[in-house]
Amino acid sequence: MTTKTVTIKRLIIIPIIILFTYSSWAHELDISNVQTSRKGKQVTVSFNLESPRGVDANREITYVPVLRSQAGTDSLKLPAGTIAGRNRYYTLLRNRATADNLTLAGKGMKLSYENTIDYQPWMEHSTLNVRLEEKGCCGKPAQSSEKLLATLDYTPRKFQPVYQYMRPVPDPDEDRVKSRSLSGKAYIDFRVNRTDIDPTYSDNSRELASIDRTIDSVKLDRDITIDSIHIRGYASPEGSYSNNSRLAKGRTASLVAYVEKLHSFPHGIIHSSYEPEDWEGLARALETMTFDNKRQVMELVTDSRLAPDTREAKFRETYPQTYAAVREMIYPKLRHSDYRIHYRVRSFNNPSEIVDIAKNAPTKLSYNEICAASESFEQGSKDYATLWENAARLFPESTVAKVNAANCAMADGRLFVAHSLLEEADPESPEVIYAKGNLAALQGDRDKARELFTRAARMQVSDAPEALRRLNELPDWD
């Protein structure tokens, strides 16, 4: 523990004026103007003592301030002082190495006490007491008493933000038809120079099952109508272009026939195309690799001026080691079938239904549907938060979605989520600046919060001046 006397310019003060009457010395000592204050990690205690009629010449009164935890498990004695009558004063003065905290109690004596100590957590809820010890002639103990001077309450008082939710405005340019698409990639293995699908060959059963699950995920959904499915088959550059063209075309047709037979789509739903040799896929794969002569190889495989067979032969003959590795590692991945399902989602009007969809299948919703549904729920409520947090992900360009979702996250104590949302929002938006002020205040960065609230106030954000006032009224120890 360290003790010192300091002068503090800005204090949160708990003033308590107490006038005590003590039995045998009631005419001798009064205590008043008790104050306790905390600033940061220090607590200052002060009070006044008066002796209207003085103290008997042969008597002394020692006062000992004591801080005690409310639970009674911790305590701390502050430096004591002694007020003495004339005879005792000079006796004590002769016998002491120092005269600190020794006061001659003449008639009308007034004394100010102040001491600063280091704050300890148990002082958050504690009491300030004073123990008075009276001694008579020759320093013989007469009587003592301890009295309550003040109750200390340093419970943290955190900033309580007022969230300014933005009222959503429907997007007039949003297409009322909710068109969506779902894509996938399958690696169906075919026997050498064959175009028919063998479900038992290699990993075909797993690849076909993946296609089936993707199609069923939309086909079996009552909210969805499939408009079209497009399948595009690819072959690798290995071999002649004419044979690869035959293989890509035939293998694509086989996959179309498989899908049509298994899923019973009406005629005209499935469309197909094919790419005899996937040179673009080869270039993308090579770009991610490190190998000798990479620049020259990349220039060769992307040179569309060369006929495909010429390009492939030159690659094989000029860079045989690289070609051998590519043929083994990359070519098999270039024999694939890409598929994309285009579909429409029906419209939703019931707010409760929209909340359920936002939880389970948010991509079915439009921005305007979320806007309309949010009006039915209390701002900051669980359902309101569900809608706007999904909107922030689905429509990342929306400032309304980012601000409302961030406010909900802050109210729920998820400050990191709120930070991420606001960092992605329009930095010049007054609502974003105000929301960032709330976040800074909750994180304990008061200087940053003041700067943001001040900016927001200049931009006419209605709640900003009040937020700034409440922030400045917080005690220094929070």
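Structure values in brief
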item	result
Partners for LYS39 among aspartates and glutamates (Cα-Cα distance below 16 Å; same-chain residues under 8 apart left out)	GLU114, ASP118, GLU124, ASP153, GLU473, ASP476, ASP478
Full-stretch length increase - ARG295, GLU473 - with 0.36 nm per residue and alpha-carbon distance subtracted	57.6 nm
Computed lengthening from TYR201 to ARG284, 0.36 nm per intervening residue step minus Cα-Cα distance	27.1 nm
Label-to-label distance, nm, for residues given as LYS110 and SER217 (7 Å Cα→Cβ offset)	8.3
Simple spin-label estimate for ARG94 and SER210 in nanometres, 7 Å along Cα-Cβ	10.4
Long pairs among LYS178/LYS402; LYS382/LYS402; LYS77/LYS158; LYS77/LYS107, criterion Cα-Cα beyond 20 Å	LYS178/LYS402; LYS77/LYS158; LYS77/LYS107
Candidate lysines for bridging to LYS261, where Cα separation is under 21 Å - those fewer than 8 sequence places away on the same chain excluded	LYS185, LYS219, LYS249
C-alpha long axis of helix 351-360 to longest principal axis of the chain, angle in °	80
Among (1) 182; (2) 141; (3) 278, the entry that matches volume of the Cα convex hull per residue in Å³ as calculated here	(3)
Residues of type lysines that LYS294 reaches as a straight line, Cα spacing below 25 Å, ignoring anything fewer than 8 places off in the same chain	LYS314, LYS333
Net charge dipole size for the chain [Lys, Arg +1 and Asp, Glu -1 on Cβ; Debye, nearest 20]	1900
Cα long-axis angle, helix 320-329 against the chain (0 to 90 degrees, to the nearest 10)	70
Part-to-part distance (alpha-carbon centres) for the range 88-159 and the range 273-337, which is given in Å	90
Rounded FRET efficiency, nearest 0.05, which uses the C-beta distance separating LYS77 from ASP412 and R0 of 56 Å	0.80
Farthest toward positive dipole pole in the chain [+1 Lys/Arg, -1 Asp/Glu at C-beta], among THR73, THR195, LEU300	THR73
Within the chain, percent of DSSP bridges classed antiparallel, to nearest 5	90
Between helix 382-394 and the chain: long-axis angle, C-alpha atoms, 0 to 90°, nearest 10	50
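Coordinate-derived values only; no laboratory data. Source: prediction; values computed, not measured. Cβ: placed from backbone, ideal geometry, glycine included. Neighbour counts: every protein chain shown.
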